[in-house]
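Only one structure is covered here, and it is reproduced in the block below.
The values are calculated or read from the model by the stated rules, or taken from the named source; none is laboratory data. Note that the coordinates shown come from a computational prediction; the quantities given were computed from them, not determined experimentally. Please note: Cβ atoms are built from the backbone with ideal geometry, for glycine as well, and neighbour counts cover all protein chains shown.
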Amino acid sequence: MPKTPQAIRGTQDIFGPDAEAFAFVVDTFERVRKLYRFRRVEMPVFEKTEVFARSIGETTDIVSKEMYSFDDRGGESLTLRPEFTAGIARAYLSNGWQQHAPLKVATHGPLFRYERPQKGRYRQFHQIDAEIIGAAEPQGDVELLAMADQLLKELGIEGVTLHLNTLGDGDSREAWRAALVEHFRAVKDELSEDSQERLEKNPLRILDSKDRRDQCFVADAPKIDQFLSDNARAFFDAVTSGLDAAGVKWTRAESLVRGLDYYRHTAFEFIPDEGSEAAGRLGSQSTILGGGRYDGLMESLGGAPTPAVGWAAGIERLAMLVGDKGEPLADVIVVVENDELIDRAIAAIGKIRAAGHSAELMASGSPRKRFDKAVKAGAEKIVAFAIRDGAEHVRIKADEHATGSLEKLLD
């Protein structure tokens with residue numbers, strides 16, 4: 001007998017309560033994005049490799065180590081998408097979506113990264129994503145963050161706080177970057193190997209290093225507030241006052257950064273509070289939703305300067321936090337107690353479903369035990385078809401109102 005194929009490492013087959021929790025996250029996201037009037041988009045699963053190399057950055061781990069890239073039969077390098085933003089930016093430019101600016105879009109689906117599988121993290125994983133493109137005002141940041149906050153609340157995820165920072169405008173960021181290079185260069189030989197490599201290319205990433213060798217130097221590194229222009233400070237103040245007005249709780253996180261040069265102003269992450277149930281479930285992988293303003297991205301793809309802000313969250317990790325949703329119970333169970341009435345039951349269950357009620361047909365196993373089996377399943381409404389004294393008999397188990405509705409429906 002041939003050996004049964006196994007799933008590829010870093011992928012998963014989602015079933016049962018896990019699948020219900022996954023679906024609950026997606027359904028809640030779809031409902032919330034409609035409340036905020038974000039338009040649904042569907043993006044290709046693969047793009048030209050240059051889309052990600054130019055937007056994410058050649059020096060990042062994602063591009064250099066984690067992307068699934070391959071040459072197609074025409075010899076062109078293609079890549080399975082490792083994130084959504086780059087593809088959405090490409091679509092915005094190539095499809096003329098500028099006419100809809102400011103454009104609010106949202107999507108969800110699978111992404112692919114070749115990294116070490118761990119709790120809540122897979123090589124094929126799924127994200128929800130929301131973006132506002134063409135809005136330079138801080139109100140765009142507030143809108144996105146309020147949407148994210150409401151989503152987490154409607155998912156029932158508690159004990160989570162918004163961590164917020166500003167990266168300043170272009171001039172502020174460049175001045176801060178130069179000061180960081182000078183600060184870390186003085187202690188270069190004492191930094192971790194990763195931070196030594198990042199020093200000249202991407203010094204901001206040293207600030208979120210978890211290596212103990214870097215921590216003492218990060219603590220007294222120059223802070224962005226020392227370099228903020230008046231405009232950048234006013235932008236951040238507008239974001240924080242807008243969040244206060246929206247009732248979104250936040251805390252300042254000065255070490256929260258985005259390493260790529262096109263990020264500007266707001267950077268944020270929703271992180272479980274220490275000791276919370278959410279922190280206990282996720283372990284060390286703490287961020288559950290994150291994003292920021294990326295006003296320079298469109299230029300890296302050959303477009304005109306275009307302000308934009310967005311966020312993404314892993315569906316698997318959110319599903320871990322919403323808990324066991326259980327298997328949904330049918331509104332109505334239709335029981336066939338005599339097999340010759342199967343067609344009658346099929347016709348009836350069609351009417352029930354057409355009226356908008358979920359329904360399940362119970363027509364297998366011992367006919368005498370089917371009704372009891374439906375009762376044990378917890379069904380509140382049961383329609384049973386049987387033959388009594390040579391005639392068809394319909395028995396309904398439900399409250400008075402539901403019984404009348406079902407009788408009318410099946411008449």
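Observations on the structure shown:
- Per this entry, residue 279 is counted among residues that are more than 16 Å from the chain's Cα centre (by Cα), in the same structural domain as residue 94 (by TED's automatic domain parsing) and over 27 Å from residue 262 (Cβ atoms).
- Failed condition for residue 216, given (1) within 32 Å of the chain's Cα centre (by Cα); (2) surrounded by fewer than 13 Cβ atoms within 10 Å (Cβ to Cβ): (1)
- Residues of the stretch 12-26 that are surrounded by fewer than 17 Cβ atoms within 10 Å (Cβ to Cβ) and over 17 Å from residue 110 (Cβ atoms): 16, 17.
- For the stretch 195-219, filtering for residues that are farther than 19 Å from residue 178 by Cα, charged (D, E, K, R) and in a helix (DSSP H, G or I) leaves 2.
- Total residues in the stretch 114-148, condition within 13 Å of the chain's Cα centre (by Cα) and part of a helix (DSSP H, G or I): 2
- Of all the criteria given as (1) among the basic types (Lys, Arg); (2) in contact with a Ser or Thr (Cβ under 9 Å, 6 or more places away or on another chain); (3) surrounded by fewer than 16 Cβ atoms within 10 Å (Cβ to Cβ), the one not satisfied by residue 54 is (3).
- Among the candidates 232, 186, 245, 238, residue that is among the hydrophobic types (A, V, I, L, M, F, W, C) and modelled with pLDDT under 90: 186
- Residue ID - surrounded by the most Cβ atoms within 10 Å (Cβ to Cβ), chosen from residues in the stretch 253-272 that are in contact with a strand residue (DSSP E or B) (Cβ under 8 Å, 6 or more places away or on another chain) and of a type in the set (A, V, I, L, M, F, W, C): 268
- Considering the stretch 327-354, the residues that are part of a loop (DSSP other than H, G, I, E, B) and out of contact with any helix residue (DSSP H, G or I) (no Cβ under 6 Å at 6 or more places or on another chain) include one that is surrounded by the most Cβ atoms within 10 Å (Cβ to Cβ), namely 330.
- Taking the criterion of being among the small types (Gly, Ala, Ser) and either part of a loop (DSSP other than H, G, I, E, B) or touching a strand residue (DSSP E or B) at 6+ places or on another chain (Cβ under 8 Å) (or both), the residues of the stretch 5-52 that qualify are 7, 10.
- Single condition residue 228 does not satisfy, out of (1) within 26 Å of the chain's Cα centre (by Cα); (2) farther than 23 Å from residue 101 by Cα; (3) crowded, with 17+ Cβ neighbours inside 10 Å: (1)
- Verdict on residue 156 being surrounded by fewer than 22 Cβ atoms within 10 Å (Cβ to Cβ), touching a residue at least 12 places away in the same chain (Cβ under 8 Å), part of a loop (DSSP other than H, G, I, E, B) and out of contact with any Pro (no Cβ under 7 Å at 6 or more places or on another chain): yes
- Any hit, the stretch 101-110, residues being closer than 15 Å to residue 310 by Cβ, touching a helix residue (DSSP H, G or I) at 6+ places or on another chain (Cβ under 6 Å) and of a type in the set (Lys, Arg): no
- Residue in the stretch 279-289 that is in contact with a helix residue (DSSP H, G or I) (Cβ under 8 Å, 6 or more places away or on another chain), touching a residue at least 60 places away in the same chain (Cβ under 8 Å), surrounded by 19 or more Cβ atoms within 10 Å (Cβ to Cβ) and not in a loop (DSSP other than H, G, I, E, B) present: yes
- Any hit, the stretch 371-387, residues being farther than 18 Å from residue 329 by Cα, assigned by TED's automatic domain parsing to the domain that holds residue 340 and surrounded by 15 or more Cβ atoms within 10 Å (Cβ to Cβ): yes
- Filter pass, residue 89 being more than 23 Å from residue 18 (Cα to Cα) and either in a loop (DSSP other than H, G, I, E, B) or within 14 Å of the chain's Cα centre (by Cα) (or both): no
Listed here are the residues, each with its yes/no results for (1) crowded, with 20+ Cβ neighbours inside 10 Å; (2) closer than 24 Å to residue 308 by Cα; (3) outside the structural domain of residue 45 (by TED's automatic domain parsing).
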{"residue": "125", "(1), (2), (3)": "yes, no, no"}
{"residue": "143", "(1), (2), (3)": "yes, yes, no"}
{"residue": "165", "(1), (2), (3)": "yes, yes, no"}
{"residue": "176", "(1), (2), (3)": "yes, yes, yes"}
{"residue": "189", "(1), (2), (3)": "no, no, yes"}
{"residue": "196", "(1), (2), (3)": "no, no, yes"}
{"residue": "199", "(1), (2), (3)": "no, no, yes"}
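- Any chance residue 302 is part of a strand (DSSP E or B) and within 30 Å of residue 199 (Cβ to Cβ): no
- Of everything listed in (1) assigned to a loop (DSSP other than H, G, I, E, B); (2) loosely packed, with under 15 Cβ neighbours inside 10 Å; (3) in contact (Cβ under 8 Å) with a residue 60 or more places away in the chain, the single unmet condition for residue 2 is (3).
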